[in-house]
Amino acid sequence: MFEAKLQQGVIFKKIVDAIKDLVKSVNIDASTSGLSMQAMDSAHVALVSLKLNENGFKDYRCDRPITLGLSIENLSKILKCAGNDDTITLQTDEEEPSSLKFFFENQQASKISEFSLNLMSLDSESLGIPDTDYSSVIQMSSAEFSRICKELSSISETVEIETSKESVKFSVQGDIGAGSITVKNNQSDKDVDRVDLQIDQPVKLTFALRYLNMFNKAVSLSSTVSLNMSEENPLMVEYKIDDLGSLRFYLAPKISD
Amino acid sequence: QKQQKRLNTFYEFS
């Protein structure tokens, strides 16, 4: 028996909206500790990793580990029927479920929707991602980072990110010209201005902006984002989800051979 | 010209 009730169902809607341009189908693994999901884009350049802890749910029960193969497109169609203020419950009684039940309830419990989504059997090709001690970590406003990526992608498809003790520089070079945006450490008490740099080792890495713009669809999940980098390593972009878990994106760099 | 790498250059399939 598996049942997970999320008080703020809108969080689940936002997660699916954030990943639906990146991955087509995912395996959600449910265990006693919560839900986890890892999936790569078709080019194996980017990866999304979701972890939702059981104690972040209003109710959570998972008698034995199960894997739920979902089509993101079909999941989106079902979630469109959930109101932003609804609770969302996922449920199945079977051990090898062929479908997953969804219940959407409004605050007054005066409207209850029930859907059943057919499940897919997907081969679980998952990457072993070691816990990395990143040498450059940047915490900043997710809206600000999203804006920087959007603005620079009108000049080039590629951005170079260079960190130093006191600032991070986003540089682009394209047919029309070049540009850079330098953001300095800023302990402002205003969220949108605060920038926190932890630079043990400076890095200079190059990434495709179209992936960063896809990752930034997760801005509605968290007002801050962290950029985690080490030389010659994929970038890890993390959106923490209050009291529930985190949504992480990994992006392989572009490297001159 | 920089080449886009793939994640399996950095991480092993588990």
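The values are calculated or read from the model by the stated rules, or taken from the named source; none is laboratory data. Keep in mind that what you see is a predicted model, and the values were worked out from it rather than measured. Note that each Cβ is placed from the backbone with ideal geometry, even for glycine, and that neighbours are counted across all protein chains shown.
Residue-by-condition table, conditions (1) over 20 Å from A:Met214 (Cα atoms); (2) more than 14 Å from chain B (Cβ to nearest Cβ); (3) not acidic (Asp, Glu):
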| site | (1), (2), (3) |
| --- | --- |
| A:Val10 | no, yes, yes |
| A:Ile19 | no, yes, yes |
| A:Lys24 | no, yes, yes |
| A:Gly34 | yes, yes, yes |
| A:Asp59 | yes, yes, no |
| A:Asp63 | yes, yes, no |
Report whether or not A:Ser188 is assigned to a loop (DSSP other than H, G, I, E, B) and within 30 Å of A:Val16 (Cβ to Cβ). no
Run down A:Glu95, A:Glu105 and say which single residue is over 30 Å from A:Leu212 (Cα atoms), out of contact with any Leu (no Cβ under 9 Å at 6 or more places or on another chain) and at pLDDT below 95. A:Glu95
Checking A:Gln173 against (1) part of a strand (DSSP E or B); (2) surrounded by fewer than 18 Cβ atoms within 10 Å (Cβ to Cβ); (3) away from chain B (no Cβ under 14 Å): exactly one of these is not met. Which one? (3)
Residue, modelled with the lowest pLDDT, within region A:108-128, restricted to residues that are outside any strand (DSSP E or B), surrounded by fewer than 18 Cβ atoms within 10 Å (Cβ to Cβ) and hydrophobic (A, V, I, L, M, F, W, C): A:Leu122
Residues of region A:129-138 being crowded, with 18+ Cβ neighbours inside 10 Å and away from chain B (no Cβ under 14 Å), in sequence order, are A:Ser136, A:Val137, A:Ile138
Residue under question is A:Ala39, and the condition is that it be crowded, with 18+ Cβ neighbours inside 10 Å and free of Cβ contacts under 8 Å to residues at least 24 places away in the same chain; does it hold? yes
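Table: residues versus (1) of a type in the set (Gly, Ala, Ser); (2) outside any loop (DSSP other than H, G, I, E, B); (3) crowded, with 18+ Cβ neighbours inside 10 Å.
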| residue | (1), (2), (3) |
| --- | --- |
| A:Lys14 | no, yes, yes |
| A:His44 | no, no, no |
| A:Ser49 | yes, yes, yes |
| A:Arg61 | no, yes, no |
| A:Leu75 | no, yes, yes |
| A:Ala82 | yes, no, yes |
| A:Leu90 | no, yes, yes |
| A:Glu95 | no, no, no |
| A:Leu100 | no, yes, yes |
Within region A:209-257, how many residues are more than 12 Å from chain B (Cβ to nearest Cβ), in a strand (DSSP E or B) and either buried (at least 24 other Cβ atoms within 10 Å of the Cβ) or touching a Ser or Thr at 6+ places or on another chain (Cβ under 9 Å) (or both)? 14
